[in-house]
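**Student:** The structure is given below, and queries will be raised subsequently.
No value in this document is a laboratory result; all are computed from the given coordinates. This one's a predicted model, so the numbers in the text were calculated from it and none came from an experiment. Positions of Cβ are backbone-derived with ideal geometry, glycine not excepted, and every protein chain shown enters the neighbour counts.
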Amino acid sequence: MSLEDGDPARPRGQQVNGEVSGVPRLRGMGTAAPGGSRTEAMAESWEPGTAPGDGDVTPAGASQRAGQPEEALMRELSELVQKVVKSSSWWERHGVDISILACSFLLLPAGFLCLRSAQSIPFLAGVLTLGVVHHTLTVKGSHLASHNALTESKSWSKVWAIFFIELCSAFTVEQATYNHVKIHHGYTNVIGLGDSSTWKLPFLNRYVYMFIAPLAVPILTPLVALDLLRNVEWKAALRTLCCMFLGFYCHYWLLLHVSGFQSPWSALLCMLLTRSLLAHPYIHVNIFQHIGLPMFAADRKPKRIHLMSMGVLNLPRNALLDWSFGHSLISCHVEHHLFPSLSDNMCLKIKPVVSQYLKQKKLPYNEDTYSSRLQLFLQRYEELMVHAPPITELVGIQ
């Protein structure tokens, strides 16, 4: 991938409030990742006590010593995080998040029964309950399962991944793991790979994309999954189809026989309503935390600690989103990208250690409010979501 000509000492593109403007055009995710095996192994699992590898391609003629300070920083931070992980109990490492998912399951009967009421308040309470439960299982549950963060057992991790990703979320485990864990995490903000460009729909205007299009997420998700099944083995595809059908049918059956819906169309409309309840923040969070930050070419990306500190942003804590999406997707996204196999609760626990360390070493630690990012994207929608991004180059740390 060619780079623009110019002074390599400065980021290419205007920098506003510490953010490099612009994002890439929509493109496929089938491009082979340079140095893929090393980075994919790093992104898929992080073991306490080891510094995740970088998988960088060093420019010709660069001194091998140039990357040593950055690798030492990552190693030192990993050791600090390791101490926190080792001193944490099973409850802190897994129990808290498992309890949140279990509580969500326990709320399902109350949600379906509330929908039986002819009164508006209980009915709306049922819609809200089922909507929050759905997003907790499909976003938080699927995200943790894709990173094997729910359990230390590989066998159970596979079971939970199938349950949350395929049965609850109507997606395919293999493609979800590849696109999210190996590509997005392995090549965060690397153009053409993990640059979040799959979230872009440049043919939509800003208001349609930000406020109307999210309502279509429950419909688009299984359609995208069906298209991606062409890239998996037939056994996996058959398993995914069975799980997707079972998940949809169970939801539909419960609405008819427990909630008392009289017509199929009313049940389907309720399914759409509950499954899209938090679709707006889901879309917003996914674009707010990466797009608008520095983007890098595959052969000029910095070392891992710089890549994640520059290309990832944390939002403030929010009770509803923390419960439904998880800390690693909201207020601890930087921590999650640095140590992706840690659970939501552990990302929250290591947050003071990571933030203090990055600030102490004069590294970026991006934070912004939800409303500020929303205003930014509405004001600069074409620049951020339509046009191609500038490429950032950093001298001495590639």
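**Student:** Quick check on packing: order 89-101, 318-330 by the mean number of other C-beta atoms within 10 Å, highest mean leading. Kindly include the intermediate steps, with their values, before the conclusion.
**Tutor:** Values: 89-101: 15.6, 318-330: 21.1.
In decreasing order of mean packing, 89-101, 318-330 become 318-330, 89-101.
**Student:** Does segment 182-224 come out rounded, prolate or oblate, given a ≥ b ≥ c as the square roots of the eigenvalues of its C-alpha gyration tensor, rounded meaning a/c under 1.5 and, failing that, prolate meaning a/b above b/c?
**Tutor:** On the way: a/c = 3.09, a/b = 1.64, b/c = 1.88.
Verdict is oblate for segment 182-224.
**Student:** OK, next. Taking K301 as the anchor, which lysines have their alpha carbon closer than 25 Å to its alpha carbon, excluding any fewer than eight residues away along the same chain?
**Tutor:** Counting by Cα, and skipping residues close in sequence, K301 has these lysines nearby: K182, K200, K351, K359, K361, K362.
**Student:** When ranked by the protection proxy of mean other Cβ atoms within 10 Å per residue, highest first, what sequence do the peptides 339-352, 110-123 form?
**Tutor:** Highest to lowest by the protection proxy: 339-352, 110-123.
**Student:** Using the 2.2 N^0.38 Å rule of thumb for compact globular proteins, work out how segment 159-240 stacks up: its C-alpha Rg over that value, please.
**Tutor:** On the way: Rg = 14.2 Å, N = 82, 2.2 N^0.38 = 11.7 Å.
Taking N as the residue count of segment 159-240, the ratio is 1.21.
**Student:** Quick one: Cα centre-to-centre distance for segment 124-167 and segment 173-247, in angstrom?
**Tutor:** The distance from the Cα centre of segment 124-167 to that of segment 173-247 comes to 16 Å.
**Student:** Using only Cα atoms, figure out Rg for segment 205-314 and give it as a multiple of 2.2 N^0.38 Å. Present the calculation step by step, with values, prior to reporting the outcome.
**Tutor:** Values: Rg = 19.3 Å, N = 110, 2.2 N^0.38 = 13.1 Å.
Compared with the compact-globule rule of thumb, segment 205-314 sits at 1.47.
**Student:** Averaging sequence separations of C-alpha pairs under 8 Å and six or more residues apart, then dividing by the length of segment 274-398, give the relative contact order as a whole percent. Show your work: numbers first, answer last.
**Tutor:** Numbers: 126 pairs, mean separation 40.6, N = 125.
Value for segment 274-398: 32 percent.
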